[in-house]
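Below you'll find the structure, written out as structure tokens, and then a few comments.
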Amino acid sequence: MPESTAPMSALAFDFGLKQIGVAYGQTLTNTAKGLSIVKAQEGIPQWPSISVLLDQWKPSLVLVGLPLNMDGSESELSARARKFARRLEGRFGIPVKMVDERLTSQEAKSLVREQAHGQRGRSDNLTKIDHIAAALILQSWLDDPSLGRSI
């Protein structure tokens, strides 16, 4: 759990070119929960939607998933996620950290499949899992705050 003695809250974003998953969590209970998906066009989010989320949840910190290659190197999407993080920090004046998000989308899909397993006739859309991936990013930071990196 983060070292700060005062409870902290955070919003996490799972950046994508078409949609951005959003999750909320806090250090008091050390839990994260997926909230919503914000539509994006070529990685540019609907900024008014992001503003509403920040006003509603009033986080102390924002986390943005950093999509690294499996060998830890950065990709074109990593650069775009960093740009998104810098814009968040600049527009809203809130501290932003990057968190390695390798495998969170696959883990989110597995969780959705597990929940749907055995529920007859249920077909979950696995393209709508970004908020779950954001919650996994946030939970990993809550479990180990040293994972947070500077933009």
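Bear in mind that the values in this text are calculations on the coordinates, not laboratory data. On a predicted model such as this, the values are computed, not experimentally measured, just so you know. With ideal geometry, Cβ positions are generated from the backbone for all residues, glycine too; neighbour counts draw on all protein chains shown.
With R₀ fixed at 22 Å, the C-beta to C-beta distance from Trp57 to Asp143 puts the FRET efficiency at about 0.65. Electrostatic bookkeeping for Ala134 treats Lys and Arg as +1 and Asp and Glu as -1; over the other residues with beta carbon under 10 Å from its beta carbon, the sum is -2. Rounded to whole numbers, the Karplus 3J(HN,Hα) couplings from phi for the stretch 78-85 are 4, 5, 5, 5, 5, 4, 4, 4 Hz, using 6.51 cos²θ - 1.76 cosθ + 1.60 with θ = phi - 60°, and x at Gly and Pro. Full extension of the segment from Lys18 to Glu76, taken as 0.36 nm per residue of separation minus the current Cα-Cα distance, would add 19.4 nm. Taking amide H as placed 1.01 Å from N in the peptide plane, Gly43 has its amide H under 5 Å from the amide H of Lys18, each at least 5 places away in sequence or on another chain.
Extension gain, Ile44 to Thr29: 0.36 nm times the residue separation minus the Cα-Cα distance gives 2.2 nm.
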